[in-house]
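Let me begin by presenting the structure, written as structure tokens, before commenting on it.
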Amino acid sequence: MRGAGVRGTAERATGADISELLGLHTRGARLILAVYVASNLAFAASTAYVLDHPWASFLAVGLVTVGGIVVTRPQPDPFALRLTLVVLAIVVVSSLLVSYALPDEGTLGRATWHLGANTWLLWFLILRRRILLAWCGGIGMLAVTVVWAAVAGRGALAGLLLASPQVLLLAIATLFGSALRRSAARINALAQRSVDAAAAAGAVEAARRIQDQRADELAEVAVPALTAIASGEPLTEAMRRDIVHVEAQLRDSVRGRALAMPPIVEAAKRARERGVNVTLLDDRGAALSGAQMLTIMGATQRALDAARGGTVTVRLLPVGRDDLLTIVAQDEESTERVAVPAAAVGGE
């Protein structure tokens with residue numbers, strides 16, 4: 001149960017993305033997007049009377065609305081390149097449309113609403129780790145404005161002054177995005193630290209449980225024999241055999257480790273009762289998979305149950321060997337060796 005809790009913590013701590021920090025999946029984000037769309041539409045409608053081609057301004061509203069929906073899509077950052085290029089195209093095309101709609105003379109007021117609207121789109125691209133491309137879009141918007149002002153007779157400087165505040169806003173967005181990414185990195189580091197702490201606590205708890213289990217097993221096996229020895233009473237032959245079996249079982253748990261599974265322990269006990277000298281050796285030093293454990297138990301049980309005398313040595317080989325397990329059975333007449341290939345049970 002504790003291990004499952006550790007895994008669950010690790011799965012939840014996947015790292016904070018800027019999209020998550022901005023809350024793009026929340027109802028508040030959708031509300032802000034709605035205000036953005038309504039504001040652009042209101043500016044376009046309220047200034048339509050000063051435009052030479054109002055339809056172009058309204059078409060630009062539709063384009064930046066699409067851009068707002070695209071750029072606020074919840075997804076991992078950096079923002080998808082294909083969608084980034086779509087947003088940049090919207091910035092440039094909407095700038096061209098509104099510039100086409102603007103009059104050559106007179107006060108513009110909010111008729112240049114597209115500058116702020118497109119800067120809002122570029123802000124999100126910067127925050128979502130498309131800084132260079134966002135700046136390219138900002139420069140494109142600035143270039144369109146300067147060229148329009150020059151062609152309209154207002155002068156390139158007037159166009160530069162009109163769009164230059166947006167460049168400052170992009171610089172602020174770049175600094176803000178950098179700070180936000182540092183915050184995300186710190187959040188991720190803290191989350192990873194909590195995962196590591198949970199894993200360490202789980203490992204300590206698992207080790208403690210194993211120690212307690214080993215202590216209980218040792219007490220169950222050794223205490224009766226030790227009590228009999230400590231009593232000072234003469235030991236019967238049956239008691240001596242039991243003590244020998246206890247000693248062998250304890251030796252298996254130390255030298256055999258991974259082999260000291262209940263089915264193998266029982267098979268070894270039966271073989272020893274028949275006079276077989278059984279040795280279990282674990283030289284692997286690594287955990288076994290479920291398939292490997294089943295294969296090892298089956299092969300070892302068959303070999304021990306078949307032995308009627310002599311010695312049987314079961315050895316788990318180190319990681320990297322061609323064989324996972326070897327079983328050598330010897331008696332006065334023959335020697336038989338059985339090997340379980342590592343590849344046959346999902347070896348290294």
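Here are the numbers for this structure:
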read-out: Residue count for segment 132-146, restricted to those that are more than 13 Å from residue 80 (Cα to Cα) and open to solvent by 10 Å² or more (accessible area, probe 1.4 Å); value: 9
read-out: Matching option when the condition is at pLDDT below 65, open to solvent by less than 40 Å² (accessible area, probe 1.4 Å) and on the phi > 0 side of the Ramachandran plot, among 15, 8; value: 15
read-out: Close pairs from segment 291-307: first farther than 16 Å from residue 339 by Cβ and open to solvent by 20 Å² or more (accessible area, probe 1.4 Å), partner among the basic types (Lys, Arg) and not in a loop (DSSP other than H, G, I, E, B), Cβ under 9 Å, at least 6 apart; value: 305/270
read-out: Flag for residue 281 being open to solvent by less than 50 Å² (accessible area, probe 1.4 Å) and modelled with pLDDT under 80; value: no
read-out: For residue 333: the one exception among (1) in contact with a Ser or Thr (Cβ under 8 Å, 6 or more places away or on another chain); (2) farther than 15 Å from residue 258 by Cα; value: (1)
read-out: Identity of the residue in segment 315-345, within 20 Å of residue 264 (Cβ to Cβ) and small (Gly, Ala, Ser), that ends up least open to solvent (accessible area, probe 1.4 Å); value: 342
read-out: Which listed residue is modelled with pLDDT of 85 or more, within 36 Å of the chain's Cα centre (by Cα) and either under 18 Å from residue 40 (Cβ atoms) or of a type outside the set (A, V, I, L, M) (or both), from 133, 125, 85; value: 125
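This table checks each residue for (1) of a type in the set (Phe, Trp, Tyr); (2) under 19 Å from residue 72 (Cα atoms).
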site	(1), (2)
100	yes, no
107	no, no
122	no, yes
128	no, yes
135	yes, yes
146	no, no
157	no, no
170	no, yes
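The values are calculated or read from the model by the stated rules, or taken from the named source; none is laboratory data. Please read these numbers as outputs of a predicted model, since none were measured by experiment. Reconstructed Cβ throughout: ideal geometry from the backbone, glycine too, with neighbour counts over all protein chains shown. SASA here: full protein model, heavy atoms, side chains in, ligands and nucleic acids out. Shrake-Rupley method; radii C 1.70, N 1.55, O 1.52, S 1.80 Å.
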